[in-house]
Amino acid sequence: MAKPTREPRPRLLALELWGLGDLALALPFLREASGHAEVTLLAQPHAAPLLRRFAPAVELVAVEAPWTAFRGKYRLWHWPWGKLRETLGELRRRRFHTAVSARSDPRDHLLMWLTGADERLGFKRAGSGLLLSRTLPPPARPHRAEHWHELAKSLGWTLAPDAPAAARTGRHIVIHTGAGRAVREWPRDRFEALAGQLRAAGWQVTLLDNSLRDLDALLDTLATADRFIGNDSGPGHLAALLGVPTFTIFGPQLPGLFAPRHPQSAWIEGSPCAYKPCSDYCRFAVPHCIRDLDASTVWTRLQPWLADLPAGKAE
């Protein structure tokens, strides 16, 4: 008797072409999707170490989307048209059943349409619904992660809620002083002042910055932490993904949109500004929203957060 043939699994394409933090917020969806479909992620090359660690069943097609550059993004004569055409041809050959994007970004929607995917799900903007086969309503809560939850729901899946992480009772704090954009960076000397106060209180502190370019090494270091302190940037989201409670110093962005997804996450917001969220293009010579925060103000907010979390005794 012939063995019954197994139905081929559907092929799903997910787009997340931006930074590390955005990708970290997409990973719960990617993990769930890989249980239902053959999943391909279109993302920047930095996605590779994250997929190896958190979603090894997901295939990566790496591309540097020129419109994600901070400056000169629309100098079309500098775009890598040959590489973009090659990537698009590769995606079309995959014959995807479904393509999804959590961004209300017409550029994503055009890419999804150009791949020839049978079904294209997303959040429309500026007429981009014409490129989608199904438009989704924006989630009730505007956080970026909620858009991935809404996509999963539309496909009949349920993403696990942010569950309480296993308690980290050690006294190792990792501080990362960098960010993808200078307007999100609290001054390093103030981080160093915090580190000094933490060490005096019996904490072991590891201080990192943007000079650590090896993502595997960054992930390994973050995995050893019992607490994380940093700017509104990728390392905080990676720490939360690893189960580390995070404290974030926000400047031009809003915690309601981009706070790390950890049940014990906390933050401090910078000074009020009429232009928030300003998408990292500050109208002023100095980003006062974050630079006006002094070390004593942050320390005052940080202390109760540390006290609320279980930790071992200082030696």
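The values are calculated or read from the model by the stated rules, or taken from the named source; none is laboratory data. Everything numeric in this text was worked out from a predicted model, so none of it was measured. When we count neighbours, we look across all protein chains shown, and the Cβ atoms used for this are built from the backbone with ideal geometry, even at glycine.
Evaluating Ser279 against the criteria (1) at pLDDT below 95; (2) under 27 Å from Pro310 (Cα atoms) leaves one unmet condition, (2).
Residues that are in a strand (DSSP E or B) and in contact with an Asp or Glu (Cβ under 9 Å, 6 or more places away or on another chain) within region 116-141 comprise Gly122, Arg134, listed in sequence order. Checking Thr248, Thr206, Thr221 one by one, the residue that is closer than 20 Å to Val174 by Cα and touching an Asp or Glu at 6+ places or on another chain (Cβ under 9 Å) is Thr248 and no other.
Filtered by the rule that a residue be of a type outside the set (A, V, I, L, M) and either surrounded by 14 or more Cβ atoms within 10 Å (Cβ to Cβ) or in contact with a helix residue (DSSP H, G or I) (Cβ under 8 Å, 6 or more places away or on another chain) (or both), region 293-315 gives Asp294, Trp299, Arg301, Trp305.
Taking the criterion of being in contact with a strand residue (DSSP E or B) (Cβ under 9 Å, 6 or more places away or on another chain) and part of a loop (DSSP other than H, G, I, E, B), the residues of region 277-315 that qualify are Leu293, Leu309, Ala311.
Of the residues making up region 170-187, those that are aliphatic (A, V, I, L, M) and either closer than 19 Å to Ala223 by Cβ or surrounded by fewer than 19 Cβ atoms within 10 Å (Cβ to Cβ) (or both) number 4. Is there a residue in region 140-151 that is within 30 Å of Gly202 (Cα to Cα) and crowded, with 17+ Cβ neighbours inside 10 Å? No: zero hits. Taking first residues from region 77-93 that are over 19 Å from Glu119 (Cα atoms) and partners that are in a helix (DSSP H, G or I) and not β-branched (Val, Ile, Thr), the Cβ contacts under 9 Å between residues at least 6 apart in sequence or on separate chains come to His78/Pro66; Trp79/Pro66; Trp79/Trp67; Pro80/Pro66; Leu84/Pro66. One residue stands out among those in region 258-292 that are buried (at least 18 other Cβ atoms within 10 Å of the Cβ) and of a type in the set (Gly, Ala, Ser): the one that is farthest from Asp22 (Cα to Cα), which is Gly270. Checking each residue of region 119-136 against the condition of being acidic (Asp, Glu), more than 21 Å from the chain's Cα centre (by Cα) and either within 17 Å of Glu16 (Cβ to Cβ) or not assigned by TED's automatic domain parsing to the domain that holds Pro263 (or both) gives at least one match. When region 224-241 is filtered for residues that are out of contact with any strand residue (DSSP E or B) (no Cβ under 7 Å at 6 or more places or on another chain), of a type in the set (A, V, I, L, M, F, W, C) and at pLDDT 95 or above, only Leu238 remains.
All of Leu242, Leu309, Leu215 fail the test of being of a type outside the set (Phe, Trp, Tyr) and either farther than 30 Å from Arg103 by Cα or in contact with a Ser or Thr (Cβ under 6 Å, 6 or more places away or on another chain) (or both), apart from Leu309. Only one entry of Leu293, Leu257, Leu309, Leu302 meets the criterion of being modelled with pLDDT under 90 and either within 20 Å of Pro187 (Cβ to Cβ) or touching a Lys or Arg at 6+ places or on another chain (Cβ under 8 Å) (or both), and that entry is Leu309.
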